[in-house]
1. What residue among D47, D116, D59 has the largest mean-square fluctuation in a Gaussian network model of the chain, using Cα springs under 10 Å?
2. Can you tell me how segment 78-149 classifies by the Cα gyration tensor, rounded, prolate or oblate, using a/c under 1.5 as the rounded cut?
3. Return the long-range amide H neighbours of V117 (sequence gap of 5 or more, or a different chain), with a cut-off of under 5 Å between placed amide H atoms.
4. For segment 58-98, what does the alpha-carbon gyration tensor say about shape, rounded, prolate or oblate, given a ≥ b ≥ c as the root eigenvalues, a/c under 1.5 as rounded, and a/b over b/c as prolate?
5. How high is the FRET efficiency between A7 and L120 when r is their beta carbon distance and R₀ equals 22 Å, given to the nearest 0.05?
6. Mind jotting down the distance between the C-alpha centroids of segment 79-149 and segment 41-64, whole Å?
7. Under the classification rounded if a/c is under 1.5, otherwise prolate if a/b is larger than b/c and oblate if not, where does segment 2-132 fall, given a ≥ b ≥ c as square roots of the Cα gyration tensor eigenvalues?
8. Gain in length, V149 to R93, computed as 0.36 nm per residue apart minus the alpha-carbon separation, to one decimal in nm?
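Read-outs throughout are calculated quantities, based only on the coordinates presented, and are distinct from any laboratory measurement. As the structure is a computational prediction, the values presented were derived from the model and not from experiment. Cβ placement follows ideal geometry from the backbone for every residue including glycine, while neighbour counts extend to all protein chains displayed.
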Amino acid sequence: MQIRLLAPGDEAMLAQLARDDAAFDLADRGSPQLPLDEADAHEYLTDPAVLHWVALEEDGLVVGHLLCHVQRRRSGAAQELLLYEIGVRDTHRRRGVGTALADAMARWMGYRGIRDVWVLGDNADAVAFYEACGFTRDDVQPTQLSRRV
């Protein structure tokens, strides 16, 4: 298995991840997603604040992915990481793919001098995975709200 960051030229792989989204999510909530158009995919892949690792088998099949966003801070540490999404193909779970992706993220953080990463765990299995990867629970979080304009 190879772990690497997506980069310009990986637009087709990014589109395939969108189409295969259901295979990377929980059985009762995943569905195929609409891929980004060519211009948006290029912006995504060239944005230095977007870090998207993939785990590939020898034949090029994506068996896992991990998406982070570098966040600038107004005080304290200048940057932190938001682990936004991790998914392992349903046929490849419990084989160390997620752990390998989290380890790649941690190595990247070490190279960049970023010490903090945070994630929201939305189910018990996710929380257990993150804890096994060294995450610890913070204070109880407030309710998430959103607004569409």
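1. Its mean-square fluctuation being the largest, the pick is D59.
2. Details: a/c = 1.63, a/b = 1.13, b/c = 1.45.
Verdict is oblate for segment 78-149.
3. Here L81 satisfy the definition.
4. Prolate, because a/c is 1.5 or more and a/b exceeds b/c.
5. Numbers: r = 27 Å, r/R0 = 1.22.
E between A7 and L120, to the nearest 0.05, is 0.25.
6. Rounded to whole Å, the Cα centres lie 16 Å apart.
7. It comes out oblate by the Cα gyration axes.
8. Gain in length upon complete extension: 16.4 nm.
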